[in-house]
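The values are calculated or read from the model by the stated rules, or taken from the named source; none is laboratory data. Note that this is a predicted model, so its numbers are computed, not measured. Positions of Cβ are backbone-derived with ideal geometry, glycine not excepted, and every protein chain shown enters the neighbour counts. Heads up: the accessible areas ignore ligands, DNA and RNA and are worked out on the full protein's heavy atoms, side chains in. Shrake-Rupley method; radii C 1.70, N 1.55, O 1.52, S 1.80 Å.
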Amino acid sequence: MVFNRSAIPVAIGLLLACTASAQGQTQLEIGGGMVWGSIGFQADMGGMVNSPGVGTLGGQRAEINANTWAERYDSALLFRVGAAVNLDTQSQLFGTFSWEQAEADPAVAGLIGNRPLELTFTDYQAWGFDGGYRFFFDAGLPIMPFVSFSLGFQRVQDITLTMLATGPAFAARDVPFYDASWVTQWRFGTGFIGDFNRHFGWQATLDIKYSGVLSDSAGIGTLGMERINNVANRWTMPLMGGIYVKF
């Protein structure tokens, strides 16, 4: 599935522009809560898809370079839905469910017999859940800024690797690289909420997210290459916008 990610910043910008229609000051009610849905994208900040390695492929000496997530993958498309319960007029406990996908880009990232070796990973797809706490600041504005922290788990689908070279041709397709994995995730972030009226409003969030190390697969070892899939932790910065309903 191909997504037009260029439309996402535009959609978020239009959403934020709607704050002009917010009536009065945004408030949390004791005993109340909200549910929300958000869409956005995330930029990679750090972490490696693989470490460098030297070995043999098809009986030939081969080298594979280290690759970061940002080098091998596009920015991920994100969806997130959540629910929160107000503890008082300035704090909430919340839980969310999220889904993300990032498309991989083929690139020359190694050598085989002194010839360029092209690597292509399968797309990154994951879903997860987390729970946490949000604290809101009473700034005397139509919007309420907040800070948040959450902890949870993420299920990342398996990732395979295809390696291609020409002159003479070499091809190793869909080599198991990372198994489907459960990893821990945590987020620290900030954002704003703004009421359209007593029951509906908008929100925008910016987080720092960490996802743990994936479970490596033995597939690459069957090709005579040193273990290069012993990393795969990931640091990202999700930017999202959405709509909430108060209850």
Original post:
For the stretch 127-137, how many residues are among the hydrophobic types (A, V, I, L, M, F, W, C), in a strand (DSSP E or B) and touching a residue at least 40 places away in the same chain (Cβ under 8 Å)?
Top reply: 2
Original post:
Does the stretch 43-64 include one or more residues that are assigned to a loop (DSSP other than H, G, I, E, B), surrounded by 15 or more Cβ atoms within 10 Å (Cβ to Cβ), at pLDDT below 95 and in contact with a helix residue (DSSP H, G or I) (Cβ under 7 Å, 6 or more places away or on another chain)?
Top reply: yes
Original post:
Is it the case that the stretch 151-159 has a residue that's over 17 Å from LEU78 (Cα atoms), modelled with pLDDT under 95 and in contact with a Gly (Cβ under 8 Å, 6 or more places away or on another chain)?
Top reply: no
Original post:
When you go through ASP138, ASP74, ASP123 one by one, which is the residue that is at pLDDT 95 or above and of a type in the set (Asp, Glu)?
Top reply: ASP123
Subject >> Pick from the stretch 128-142, criterion farther than 14 Å from PHE192 by Cα and not charged (D, E, K, R), ranking: least open to solvent (accessible area, probe 1.4 Å) >> reply: GLY128
**OP:** Determine if the stretch 5-22 includes at least one residue that is outside any helix (DSSP H, G or I), over 22 Å from ARG198 (Cβ atoms) and at pLDDT below 95.
**Re:** yes
